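Enquirer: Before I ask anything, here is the structure I am working with.
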There are 2 protein chains.
Amino acid sequence: MTDLTAIKTTEAASVRAGNRALSVMERIRSFILDGTVHAGERMNEVRLSKSLDVSRTPVRAALQALAGEGLLDYAPNRGFIVREFPLGVIVDAYEIRASLEGLAARFAAERGLSDSERATIEKSLVAGDELLSRGEFAEGDLLIYRGINGDFHDTLLAAARNRMLSEMIRICHHVPMSSSRNIVAFEHRDVRRRHDDHHRIYEAIMASEPWRAEAVMREHVSSVRASLVKSLTHRGQ
Amino acid sequence: MTDLTAIKTTEAASVRAGNRALSVMERIRSFILDGTVHAGERMNEVRLSKSLDVSRTPVRAALQALAGEGLLDYAPNRGFIVREFPLGVIVDAYEIRASLEGLAARFAAERGLSDSERATIEKSLVAGDELLSRGEFAEGDLLIYRGINGDFHDTLLAAARNRMLSEMIRICHHVPMSSSRNIVAFEHRDVRRRHDDHHRIYEAIMASEPWRAEAVMREHVSSVRASLVKSLTHRGQ
DNA sequence: ATTGCAGTAAGTGTGTACACTTTTTCTTCG
DNA sequence: CGAAGAAAAAGTGTACACACTTACTGCAAT
């Protein structure tokens, strides 16, 4: 038996599934996200068991967990099938995320930031300023900005101090193509504009203007959705 | 073996767990909500198995499903424990619901209502008008209004045509004390005001004013939260 | 008395057998 | 040749046994 007990326990707190089941869950998730299994396809438990070299028990646990995250659908006596994510659903997910992250920004403004949170956010702002100051992107810069962007949003979410909110936003991120780590528009000007939003959000929070923080954050995420729609309708496909 | 194969398959679509597991899930959920098991308590699988007279397998499935809904926490090799819901979390849940239902109202306004949805909502509005017209509540009237209120919100949610949104709102409802079926303020005037909100939301939707529908709905749910807070801080407890 | 360390009990994690349901395939009749 | 139905195959649902981990208890040493 493969002794791969090295598992990311880092995974978002409350999620179920013990040792083996957890790693199986991640593997199946990647099957779904990288298109190894197609949308609408049935997840055959015995086949998965054999291909992952575990029994059906952890496979079932993983499938149930993924259904809880909304990646799979369940029908009694018929098992799990890969949920479809048509464009409309993906776009809606951005809208939901906009509402929820707006709320998170408001909570953060109401509740205040810890020292380390403030430090992390300020670091991300400075790093972004620096990256953008050259006026042009070098190779790999976008990857770096992806990290900066993720730090900003994750930290703000933590500062909201609400688990349910975190989990819901996490679910939005798991919708294919909908992660905040995906920088949709690659133009320098667009990234600059979004980074400026970050500054404004932080200002609003530090000025204890929950209302304004919420509004700016909503618009911020919403504008990413708009960019996505534009880039998809523009290039055909 | 007890042959209770009569199970509500009506339960919200994508949720996992086959025949027996589903009924077990409902039973465990009620244990949690009615306080049979206390917050922070561990959910012993073998004990539950015996007390519910099924094997551990469906119990585990049910527990995982409930963890997916956020009612339970999971820790590897340590099982499931009942999540705590301090007042702050409950209040926050209303705020989250306000955001999400606001979004649902906007979607409904953008996407339009089907004939049957329009009929259901109009019926709920008329029924509410009638109930309120007497100026005073008789015994059982509040129970009736609970149904009317539920119909209104459920129908609007369906009209939003977004599953992820529905599921998230459903999760909010499962937070103890946070259901839209709980009429928090029992004063005639409060109910009248909320019912008037329903009218305005419907007007906004029919007038294709997504923006206004969202704003009114947000305020509508938020005001319930405010009433809850007031009623809890007022009566001590 | 307190701390540390077995040894043991309790509890979760996984594998597997079998029951039941669904789906497919093959046969038979129109 | 097509459709309906029955048998078979495939697949999910549940129970249970055993492995492994965690929690507890009691004893010994300081």
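Enquirer: For peptide A:64-76, what's the mean number of Cβ atoms from other chains within 10 Å of each residue's Cβ?
Expert: Neighbouring Cβ atoms belonging to other protein chains average 6 per residue here.
Enquirer: From other protein chains only, count the Cβ atoms within 10 Å of every residue's Cβ in A:95-103, then give the mean.
Expert: Per residue, the average neighbour count from other chains is 4.
Enquirer: Also, I was wondering about something else. Within the set of other residues whose C-beta is less than 15 Å from the C-beta of A:Leu113, count the net charge using Lys and Arg as +1 and Asp and Glu as -1.
Expert: Result for the neighbourhood of A:Leu113: -3.
Enquirer: Can you find, among A:Val224, A:Ser166, A:Gly140, the residue farthest towards the positive end of the dipole of segment A:78-230? Put +1 on the C-beta of Lys and Arg, -1 on that of Asp and Glu.
Expert: Going by the charge dipole, the pick is A:Ser166.
Enquirer: Now for a different question. How would segment B:87-234 be classified by its alpha-carbon gyration tensor: rounded, prolate or oblate, with rounded meaning a/c under 1.5 and the a/b versus b/c comparison settling the rest? Don't jump to the answer; show the numbers that get you there.
Expert: On the way: a/c = 1.74, a/b = 1.13, b/c = 1.54.
In terms of gyration-tensor shape, oblate.
Enquirer: Taking Rh as the Kirkwood radius, which is the inverse of the mean 1/r over Cα pairs, what is the Rg/Rh value for segment B:19-82?
Expert: 0.91
Enquirer: Within the protein assembly as shown, count lysine pairs with alpha carbon atoms under 28 angstrom apart where the residues are 8 or more positions apart or belong to different chains.
Expert: 4
Enquirer: Measure nothing fancy, just the Cα-based angle from helix A:115-133's long axis to the longest principal axis of chain A, in degrees from 0 to 90, nearest 10.
Expert: Compared with the principal axis, the helix lies near 80 degrees.
Enquirer: Given H placed 1.01 Å from N in the peptide plane, which residues other than close sequence neighbours of A:Leu72 have an amide H under 5 Å from its amide H?
Expert: It is A:Ala67, A:Arg83, by chain and number.
Enquirer: I need the inter-copy label distances for B:Arg146: point set 7 Å along Cα to C-beta, values in nm with one decimal, smallest first.
Expert: 5.0
Enquirer: Note down the net charge around A:Glu187, summing +1 for each Lys or Arg and -1 for each Asp or Glu among other residues with Cβ under 13 Å from its Cβ.
Expert: Details: positive: A:Arg189, A:Arg192, A:Arg193, A:Arg194, A:Lys230; negative: A:Glu136, A:Asp141, A:Asp190.
The answer is +2.
Enquirer: Each residue of segment A:61-72 in order: what ³J(HN,Hα) in whole Hz does its phi give by Karplus 6.51 cos²θ - 1.76 cosθ + 1.60, θ = phi - 60°, with x for Gly and Pro?
Expert: Karplus values, whole Hz, x for Gly and Pro: 4, 5, 4, 4, 4, 5, 5, x, 7, x, 7, 10.
Enquirer: Follow-up question, since we're still on this one. Can you list, shortest first and in nm, the gaps between the label point of A:Arg189 and those of its counterparts in the other copies, using a point 7 Å from Cα in the C-beta direction?
Expert: Here A:Arg189 shows inter-copy label distances of 5.5 nm.
Enquirer: Now, a different point. For segment A:90-98, take each phi angle, set θ = phi - 60°, evaluate the Karplus expression 6.51 cos²θ - 1.76 cosθ + 1.60, and give the result in whole Hz per residue in order, putting x for glycine and proline.
Expert: 5, 4, 4, 4, 5, 5, 4, 4, 4
Enquirer: For the rotation that superimposes chain B on chain A, which residue of B has the C-beta lying nearest to the axis, and at what distance in Å?
Expert: So the chain B residue sitting closest to the axis is B:Gly68, 1.
Enquirer: Using the 7 Å Cα-to-Cβ label point, sort the distances from B:Met206 to its equivalents in the other copies shortest first and give them in nm to one decimal.
Expert: Its label point is 5.0 nm from the equivalent points in the other copies.
Enquirer: Does anyone have the angle between helix A:188-206 and the longest principal axis of chain A? Alpha-carbon axes, 0 to 90°, nearest 10?
Expert: 80
Enquirer: In addition: For segment B:26-39, in order, what is each residue's ³J(HN,Hα) by Karplus, 6.51 cos²θ - 1.76 cosθ + 1.60 with θ = phi - 60°, in whole Hz (x at glycine and Pro)?
Expert: 5, 5, 5, 4, 5, 3, 5, 6, 8, x, 4, 10, 8, 4
Enquirer: Assigning unit charges at the beta carbon (Lys, Arg +1; Asp, Glu -1) and nothing else, what dipole magnitude in debye, to the nearest 20, does segment A:87-234 show about its Cα centre?
Expert: 300
Enquirer: For peptide A:163-176, how many partner chain Cβ atoms fall within 10 Å of a residue's Cβ, on average?
Expert: 3
Enquirer: Hey, another quick one. Could you grab the Rg to Rh ratio for the protein assembly as shown? Cα atoms only, Kirkwood for Rh.
Expert: 0.97
Here, each number is a calculation from the coordinates, and none is a lab measurement. Every value quoted in this text rests on a predicted model; they were computed, and no experiment measured them. All Cβ positions, glycine included, derive from the backbone under ideal geometry; neighbour counts span all protein chains shown.
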